[in-house]
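Working notes, structure below.
The values are calculated or read from the model by the stated rules, or taken from the named source; none is laboratory data. Source: prediction; values computed, not measured. Every residue, glycine among them, receives a Cβ derived from its backbone with ideal geometry; neighbour counts consider all protein chains shown. Calculation scope for accessible area: heavy atoms of the full protein, side chains included, ligands and nucleic acids excluded. Shrake-Rupley method; radii C 1.70, N 1.55, O 1.52, S 1.80 Å.
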Amino acid sequence: MNIDWKNLPFGYFKTKYNVRAWYRDGQWGELEVTESEEITLHMAATSLHYGQEAFEGMKAFAGKDGKVRIFRWEENCKRLQLSARGILMQEVPDELFKEAITKVVQLNREFVPPHGHGSAFYLRPLLLGTGAQVGIQPAKEYLFMVFGTPVGPYFREGFNPVSIQIVRDYDRAAPLGTGTYKVGGNYAASLNAMKRGKEEGFSSVLFLDAKEKKYIDECGPANFFGIKNNTYVTPESSSILASITNKSLVTLAEDMGLKVERRRVPVEELETFEEVGACGTAAVISPIGKIVDRDTGKIYSYCKDGKAGPVSQKLYKTLTGIQCGEVEDKHGWNMIIE
Ligand code: PLP
Ligand code: COI
(Lines give C-alpha, C1' and ligand atoms only; values in the text may rest on other atoms or scores of the structure.)
(Ligands and ions follow the chains in the order given, each with its own letter.)
Protein backbone atom coordinates (compact mmCIF):
# COMPACT_ATOMS: atom_id res chain seq x y z
CA MET A 1 0.00 0.00 0.00
CA ASN A 2 1.36 3.36 -1.01
CA ILE A 3 -0.25 6.24 0.86
CA ASP A 4 1.10 9.77 0.63
CA TRP A 5 0.68 10.43 4.38
CA LYS A 6 2.01 13.98 4.14
CA ASN A 7 -0.53 15.18 1.61
CA LEU A 8 -3.71 13.52 2.77
CA PRO A 9 -6.82 15.66 2.31
CA PHE A 10 -9.60 15.70 4.89
CA GLY A 11 -11.73 13.25 2.98
CA TYR A 12 -12.95 9.69 2.62
CA PHE A 13 -10.28 7.08 2.01
CA LYS A 14 -11.34 3.45 1.77
CA THR A 15 -10.01 1.26 4.56
CA LYS A 16 -10.63 -2.44 5.14
CA TYR A 17 -13.25 -2.85 7.82
CA ASN A 18 -16.05 -1.04 9.57
CA VAL A 19 -18.27 -2.21 12.41
CA ARG A 20 -22.02 -2.15 12.98
CA ALA A 21 -24.59 -3.00 15.61
CA TRP A 22 -28.37 -2.97 15.26
CA TYR A 23 -30.94 -2.05 17.87
CA ARG A 24 -33.96 -4.29 17.30
CA ASP A 25 -36.74 -5.68 19.47
CA GLY A 26 -35.73 -3.44 22.33
CA GLN A 27 -32.05 -4.38 22.50
CA TRP A 28 -28.64 -3.84 20.98
CA GLY A 29 -27.22 -6.81 19.06
CA GLU A 30 -23.60 -7.95 18.82
CA LEU A 31 -21.08 -5.80 17.00
CA GLU A 32 -20.54 -7.07 13.44
CA VAL A 33 -17.37 -6.54 11.40
CA THR A 34 -17.79 -5.97 7.67
CA GLU A 35 -15.79 -5.02 4.59
CA SER A 36 -18.83 -3.52 2.90
CA GLU A 37 -18.94 0.25 2.44
CA GLU A 38 -22.68 0.13 1.97
CA ILE A 39 -25.77 -0.12 4.10
CA THR A 40 -29.24 -1.26 3.06
CA LEU A 41 -32.02 0.89 4.42
CA HIS A 42 -35.79 0.72 4.41
CA MET A 43 -37.10 3.52 2.18
CA ALA A 44 -39.23 4.82 5.05
CA ALA A 45 -36.36 4.86 7.57
CA THR A 46 -36.70 7.87 9.89
CA SER A 47 -33.10 8.95 9.22
CA LEU A 48 -33.98 9.56 5.57
CA HIS A 49 -37.18 11.51 6.12
CA TYR A 50 -37.09 13.09 9.53
CA GLY A 51 -33.38 13.51 10.14
CA GLN A 52 -33.06 10.96 12.94
CA GLU A 53 -29.30 10.77 12.57
CA ALA A 54 -26.32 11.82 14.66
CA PHE A 55 -22.59 11.34 14.30
CA GLU A 56 -19.28 11.93 16.01
CA GLY A 57 -15.81 12.88 14.87
CA MET A 58 -12.75 11.75 16.78
CA LYS A 59 -9.13 10.96 16.07
CA ALA A 60 -6.55 8.26 16.74
CA PHE A 61 -2.85 9.06 16.50
CA ALA A 62 0.25 6.92 16.11
CA GLY A 63 3.05 8.03 18.42
CA LYS A 64 6.81 7.86 17.91
CA ASP A 65 6.64 4.90 20.27
CA GLY A 66 4.43 3.09 17.73
CA LYS A 67 1.43 3.07 20.08
CA VAL A 68 -1.94 4.29 18.86
CA ARG A 69 -3.91 6.63 21.08
CA ILE A 70 -7.56 7.60 20.81
CA PHE A 71 -8.26 11.05 22.25
CA ARG A 72 -11.00 11.54 24.88
CA TRP A 73 -13.36 8.84 23.61
CA GLU A 74 -15.61 9.08 26.67
CA GLU A 75 -16.46 12.67 25.74
CA ASN A 76 -17.51 11.70 22.21
CA CYS A 77 -19.50 8.81 23.60
CA LYS A 78 -21.32 11.14 26.02
CA ARG A 79 -22.01 13.63 23.26
CA LEU A 80 -23.46 10.95 20.97
CA GLN A 81 -25.72 9.92 23.84
CA LEU A 82 -26.75 13.57 24.29
CA SER A 83 -27.49 13.87 20.56
CA ALA A 84 -29.50 10.64 20.72
CA ARG A 85 -31.62 11.98 23.59
CA GLY A 86 -32.00 15.30 21.76
CA ILE A 87 -33.76 13.72 18.78
CA LEU A 88 -35.30 10.71 20.55
CA MET A 89 -32.96 8.00 19.25
CA GLN A 90 -31.82 4.95 21.14
CA GLU A 91 -28.60 5.69 23.06
CA VAL A 92 -25.45 3.68 22.36
CA PRO A 93 -24.09 2.20 25.61
CA ASP A 94 -20.52 3.16 26.62
CA GLU A 95 -19.18 -0.38 26.28
CA LEU A 96 -20.55 -0.82 22.76
CA PHE A 97 -19.11 2.53 21.69
CA LYS A 98 -15.71 1.67 23.17
CA GLU A 99 -15.63 -1.77 21.57
CA ALA A 100 -16.58 -0.31 18.18
CA ILE A 101 -13.90 2.41 18.05
CA THR A 102 -11.25 0.03 19.42
CA LYS A 103 -12.03 -2.61 16.78
CA VAL A 104 -12.02 -0.13 13.91
CA VAL A 105 -8.55 1.05 14.90
CA GLN A 106 -7.21 -2.46 15.50
CA LEU A 107 -8.60 -3.87 12.26
CA ASN A 108 -7.36 -0.95 10.17
CA ARG A 109 -4.00 -0.44 11.86
CA GLU A 110 -2.19 -0.10 8.51
CA PHE A 111 -4.31 2.97 7.73
CA VAL A 112 -3.33 4.86 10.88
CA PRO A 113 -0.88 7.51 9.60
CA PRO A 114 2.63 7.06 10.98
CA HIS A 115 3.85 9.70 13.40
CA GLY A 116 5.23 12.96 12.07
CA HIS A 117 3.17 13.70 8.95
CA GLY A 118 0.51 15.90 10.51
CA SER A 119 -2.14 13.32 9.68
CA ALA A 120 -4.45 11.24 11.86
CA PHE A 121 -6.91 8.36 11.70
CA TYR A 122 -10.36 9.96 11.83
CA LEU A 123 -13.13 7.90 13.38
CA ARG A 124 -16.70 8.53 12.37
CA PRO A 125 -19.31 6.93 14.67
CA LEU A 126 -22.78 7.17 13.18
CA LEU A 127 -26.20 6.49 14.69
CA LEU A 128 -29.32 6.41 12.57
CA GLY A 129 -32.98 5.56 12.74
CA THR A 130 -33.52 2.59 10.43
CA GLY A 131 -37.06 1.69 11.42
CA ALA A 132 -39.86 2.67 9.03
CA GLN A 133 -42.32 5.41 10.00
CA VAL A 134 -44.47 7.68 7.90
CA GLY A 135 -45.98 9.66 10.74
CA ILE A 136 -43.48 11.94 12.51
CA GLN A 137 -42.32 9.61 15.24
CA PRO A 138 -39.04 8.14 16.42
CA ALA A 139 -37.99 4.82 14.87
CA LYS A 140 -38.10 1.59 16.83
CA GLU A 141 -34.90 0.31 15.15
CA TYR A 142 -31.45 1.89 14.96
CA LEU A 143 -28.06 1.23 13.41
CA PHE A 144 -24.82 2.26 15.09
CA MET A 145 -21.72 2.04 12.98
CA VAL A 146 -18.13 3.28 13.02
CA PHE A 147 -15.77 3.67 10.12
CA GLY A 148 -12.32 5.20 9.99
CA THR A 149 -10.34 7.09 7.39
CA PRO A 150 -6.84 8.56 7.37
CA VAL A 151 -7.02 12.37 7.11
CA GLY A 152 -4.88 15.45 6.80
CA PRO A 153 -5.83 18.89 8.14
CA TYR A 154 -9.41 20.09 7.62
CA PHE A 155 -8.37 23.53 6.38
CA ARG A 156 -5.77 23.20 3.65
CA GLU A 157 -3.79 25.95 5.40
CA GLY A 158 -3.09 23.49 8.27
CA PHE A 159 -1.66 25.50 11.17
CA ASN A 160 -1.33 28.61 8.99
CA PRO A 161 -3.76 31.52 9.33
CA VAL A 162 -7.15 31.25 7.61
CA SER A 163 -9.62 33.92 6.48
CA ILE A 164 -13.17 33.84 7.83
CA GLN A 165 -16.36 35.66 6.84
CA ILE A 166 -19.06 36.89 9.24
CA VAL A 167 -22.56 36.13 7.90
CA ARG A 168 -25.95 37.33 9.10
CA ASP A 169 -28.24 36.09 6.34
CA TYR A 170 -27.90 32.43 7.33
CA ASP A 171 -28.24 30.65 10.69
CA ARG A 172 -26.76 27.26 11.44
CA ALA A 173 -29.04 26.54 14.38
CA ALA A 174 -31.70 28.23 16.50
CA PRO A 175 -31.22 29.05 20.20
CA LEU A 176 -33.70 26.38 21.28
CA GLY A 177 -33.06 24.12 18.30
CA THR A 178 -30.57 21.31 17.69
CA GLY A 179 -27.30 23.25 17.59
CA THR A 180 -25.94 21.52 20.69
CA TYR A 181 -26.45 18.10 19.10
CA LYS A 182 -24.20 16.70 16.40
CA VAL A 183 -27.04 15.93 14.00
CA GLY A 184 -26.88 16.02 10.22
CA GLY A 185 -29.56 18.70 9.88
CA ASN A 186 -27.28 21.36 11.37
CA TYR A 187 -24.71 20.65 8.69
CA ALA A 188 -27.33 20.73 5.93
CA ALA A 189 -28.38 24.12 7.29
CA SER A 190 -24.80 25.40 7.01
CA LEU A 191 -24.09 24.26 3.44
CA ASN A 192 -25.26 27.35 1.56
CA ALA A 193 -23.42 29.81 3.77
CA MET A 194 -20.23 27.73 3.63
CA LYS A 195 -20.44 27.30 -0.15
CA ARG A 196 -20.85 31.02 -0.70
CA GLY A 197 -18.10 31.80 1.80
CA LYS A 198 -15.68 29.53 -0.10
CA GLU A 199 -16.67 31.08 -3.43
CA GLU A 200 -15.96 34.49 -1.95
CA GLY A 201 -12.48 33.37 -0.91
CA PHE A 202 -12.90 32.31 2.73
CA SER A 203 -12.01 29.07 4.51
CA SER A 204 -15.16 29.18 6.59
CA VAL A 205 -17.91 31.41 7.93
CA LEU A 206 -18.55 32.79 11.38
CA PHE A 207 -22.18 32.33 12.40
CA LEU A 208 -23.69 34.79 14.86
CA ASP A 209 -26.37 34.07 17.46
CA ALA A 210 -29.60 33.55 15.53
CA LYS A 211 -31.78 35.71 17.78
CA GLU A 212 -29.94 39.00 18.07
CA LYS A 213 -27.09 38.66 15.56
CA LYS A 214 -24.89 40.39 18.09
CA TYR A 215 -22.75 37.61 19.47
CA ILE A 216 -20.31 35.13 18.00
CA ASP A 217 -21.68 31.60 17.82
CA GLU A 218 -19.29 29.33 16.00
CA CYS A 219 -16.99 29.08 13.08
CA GLY A 220 -18.42 26.58 10.57
CA PRO A 221 -17.50 23.13 11.89
CA ALA A 222 -15.41 24.49 14.77
CA ASN A 223 -15.72 26.54 17.95
CA PHE A 224 -14.27 30.03 18.21
CA PHE A 225 -11.76 31.35 20.75
CA GLY A 226 -9.97 34.62 21.29
CA ILE A 227 -6.96 35.53 23.41
CA LYS A 228 -6.35 38.84 25.15
CA ASN A 229 -4.79 40.05 28.40
CA ASN A 230 -3.63 36.54 29.30
CA THR A 231 -7.24 35.31 29.00
CA TYR A 232 -8.79 32.58 26.84
CA VAL A 233 -12.27 33.73 25.79
CA THR A 234 -14.80 31.43 24.13
CA PRO A 235 -18.50 31.95 23.39
CA GLU A 236 -21.23 30.62 25.59
CA SER A 237 -24.32 29.92 23.49
CA SER A 238 -27.27 27.57 23.48
CA SER A 239 -26.88 26.88 19.77
CA ILE A 240 -23.27 25.74 19.42
CA LEU A 241 -21.77 22.28 19.60
CA ALA A 242 -19.79 21.88 22.82
CA SER A 243 -16.40 21.15 21.27
CA ILE A 244 -14.22 18.58 23.01
CA THR A 245 -11.15 20.27 21.55
CA ASN A 246 -12.29 23.58 23.02
CA LYS A 247 -12.91 21.94 26.40
CA SER A 248 -9.37 20.53 26.24
CA LEU A 249 -7.89 23.92 25.29
CA VAL A 250 -9.68 25.51 28.25
CA THR A 251 -7.95 23.02 30.56
CA LEU A 252 -4.57 23.52 28.87
CA ALA A 253 -4.97 27.31 28.99
CA GLU A 254 -5.66 27.08 32.74
CA ASP A 255 -2.63 24.81 33.13
CA MET A 256 -0.57 27.51 31.42
CA GLY A 257 -1.79 30.14 33.85
CA LEU A 258 -4.30 31.85 31.56
CA LYS A 259 -7.66 32.98 32.82
CA VAL A 260 -10.66 31.48 31.05
CA GLU A 261 -13.92 33.22 30.22
CA ARG A 262 -16.89 31.38 28.77
CA ARG A 263 -19.42 34.05 28.00
CA ARG A 264 -21.22 35.81 25.21
CA VAL A 265 -18.74 37.46 22.86
CA PRO A 266 -20.08 40.53 21.02
CA VAL A 267 -18.88 40.93 17.43
CA GLU A 268 -17.26 44.31 18.23
CA GLU A 269 -15.00 42.57 20.73
CA LEU A 270 -13.13 41.07 17.76
CA GLU A 271 -11.30 44.37 17.62
CA THR A 272 -9.71 43.74 21.00
CA PHE A 273 -8.31 40.22 20.63
CA GLU A 274 -4.59 39.63 20.27
CA GLU A 275 -5.16 36.18 18.73
CA VAL A 276 -8.24 34.38 17.44
CA GLY A 277 -8.74 30.83 16.26
CA ALA A 278 -11.13 28.04 15.34
CA CYS A 279 -10.86 24.70 17.10
CA GLY A 280 -12.27 21.23 16.58
CA THR A 281 -11.28 17.63 15.98
CA ALA A 282 -10.96 18.15 12.23
CA ALA A 283 -9.67 21.72 12.43
CA VAL A 284 -7.39 21.08 15.47
CA ILE A 285 -6.45 24.75 16.01
CA SER A 286 -6.76 26.95 12.96
CA PRO A 287 -5.32 30.35 13.65
CA ILE A 288 -7.47 33.08 12.08
CA GLY A 289 -5.55 35.78 10.22
CA LYS A 290 -8.48 37.79 8.94
CA ILE A 291 -12.20 38.14 9.63
CA VAL A 292 -14.32 40.10 7.16
CA ASP A 293 -17.83 41.24 8.04
CA ARG A 294 -19.83 40.50 4.87
CA ASP A 295 -22.42 43.20 5.63
CA THR A 296 -20.33 46.11 6.81
CA GLY A 297 -17.09 45.30 4.98
CA LYS A 298 -15.18 45.76 8.25
CA ILE A 299 -11.93 43.80 8.41
CA TYR A 300 -10.36 42.45 11.59
CA SER A 301 -6.70 41.46 11.17
CA TYR A 302 -4.50 39.18 13.25
CA CYS A 303 -1.24 37.22 12.75
CA LYS A 304 0.39 40.27 11.20
CA ASP A 305 3.66 38.35 10.70
CA GLY A 306 1.77 35.57 8.86
CA LYS A 307 2.09 33.15 11.77
CA ALA A 308 -0.13 31.97 14.62
CA GLY A 309 0.28 33.99 17.81
CA PRO A 310 2.38 32.72 20.74
CA VAL A 311 -0.53 31.46 22.88
CA SER A 312 -2.15 29.60 19.97
CA GLN A 313 1.22 28.06 19.14
CA LYS A 314 1.75 26.88 22.69
CA LEU A 315 -1.78 25.45 22.92
CA TYR A 316 -1.35 23.69 19.56
CA LYS A 317 2.00 22.17 20.53
CA THR A 318 0.72 20.96 23.88
CA LEU A 319 -2.53 19.52 22.52
CA THR A 320 -0.93 17.70 19.57
CA GLY A 321 1.97 16.63 21.82
CA ILE A 322 -0.43 14.95 24.25
CA GLN A 323 -2.34 13.32 21.40
CA CYS A 324 0.73 11.60 20.01
CA GLY A 325 2.33 10.74 23.33
CA GLU A 326 5.12 13.29 23.35
CA VAL A 327 3.75 15.47 26.13
CA GLU A 328 2.69 13.92 29.42
CA ASP A 329 -1.02 13.05 29.37
CA LYS A 330 -1.60 14.30 32.89
CA HIS A 331 -5.38 14.58 32.53
CA GLY A 332 -5.72 10.98 31.30
CA TRP A 333 -7.19 11.90 27.91
CA ASN A 334 -5.72 9.12 25.78
CA MET A 335 -6.83 5.52 25.47
CA ILE A 336 -3.95 3.39 24.21
CA ILE A 337 -4.96 0.72 21.71
CA GLU A 338 -2.96 -2.50 21.99
N1 PLP B 1 -18.68 22.82 16.11
C2 PLP B 1 -19.19 22.09 15.11
C3 PLP B 1 -20.41 22.58 14.42
C4 PLP B 1 -18.56 20.89 14.73
O5 PLP B 1 -19.02 20.15 13.72
C6 PLP B 1 -17.40 20.47 15.42
C7 PLP B 1 -16.77 19.20 15.09
O8 PLP B 1 -16.95 18.22 15.71
C9 PLP B 1 -16.92 21.28 16.45
C10 PLP B 1 -17.58 22.45 16.76
C11 PLP B 1 -15.71 20.89 17.22
O12 PLP B 1 -16.00 19.89 18.16
P13 PLP B 1 -14.93 18.83 18.61
O14 PLP B 1 -13.77 19.59 19.13
O15 PLP B 1 -15.60 18.05 19.66
O16 PLP B 1 -14.58 18.05 17.41
C1 COI C 1 -15.04 17.23 13.39
O2 COI C 1 -14.27 18.14 13.70
O3 COI C 1 -14.89 16.08 13.75
C4 COI C 1 -16.21 17.46 12.57
O5 COI C 1 -17.11 16.72 12.70
C6 COI C 1 -16.20 18.59 11.65
C7 COI C 1 -16.80 18.31 10.29
C8 COI C 1 -15.89 17.54 9.40
C9 COI C 1 -18.17 17.78 10.33
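Things to note:
- Comparing Thr296, Thr180, Thr272 in a Gaussian network model of the chain (Cα springs below 10 Å), the most mobile by mean-square fluctuation is Thr296.
- Surface per residue (accessible, 1.4 Å probe) for the chain, Å²: 46
- Each semi-axis of the equivalent ellipsoid for the range 162-323 is √(5λ) with λ an eigenvalue of the Cα gyration tensor; in descending order they amount to 23, 18, 15 Å.
- The sum of -39500 (n - 2.57) across all DSSP H runs of n ≥ 4, divided by the residue count of the chain, sets its helix-only mean residue ellipticity at 222 nm to -7000 deg cm²/dmol.
- In plain terms, the bigger the Kirkwood radius, the slower the diffusion; for the range 80-174, with that radius from Cα pairs, at 4 °C and 1.567 mPa s, Stokes-Einstein puts D at 77 µm²/s.
- Anchor Lys59: lysines whose Cα lies under 17 Å away (excluding residues fewer than 8 positions away in-chain): Lys6, Lys14, Lys67, Lys78, Lys98, Lys103, Lys182, Lys247, Lys317
- Fully extending the segment from Glu271 to Thr296, taken as 0.36 nm per residue of separation minus the present Cα-Cα distance, adds 7.6 nm.
- Relative to the globular-protein estimate of 2.2 N^0.38 Å, the Cα radius of gyration of the chain stands at 0.99.
- Ligands, DNA and RNA left out, the 1.4 Å accessible surface of the range 173-217 is 58% carbon and sulfur atoms.
- Two-site label geometry, Lys213 and Leu88: point separation in nm, points 7 Å out along Cα→Cβ: 3.3
- Alpha-carbon centroid distance for the pair the range 269-338 / the range 56-115, whole angstrom: 23
- For the range 243-338, alpha-carbon Rg over 2.2 N^0.38 Å: 1.22
- Rounded to 5, percent antiparallel among DSSP beta bridges of the chain: 80
- Rg ratio (alpha-carbon, reference 2.2 N^0.38 Å) - the range 5-151: 1.08
- Protection-proxy order for peptides 94-102, 46-54, each taking the mean of Cβ atoms within 10 Å per residue, highest first: 46-54, 94-102
- Most tightly packed first, judged by the mean number of other beta-carbon atoms within 10 Å of their residues, the peptides 70-78, 304-312 read 70-78, 304-312.
- Once C-alpha pairs closer than 8 Å and six or more residues apart are averaged by separation and normalised to the residue number of the range 93-222, the relative contact order reads 18 percent.
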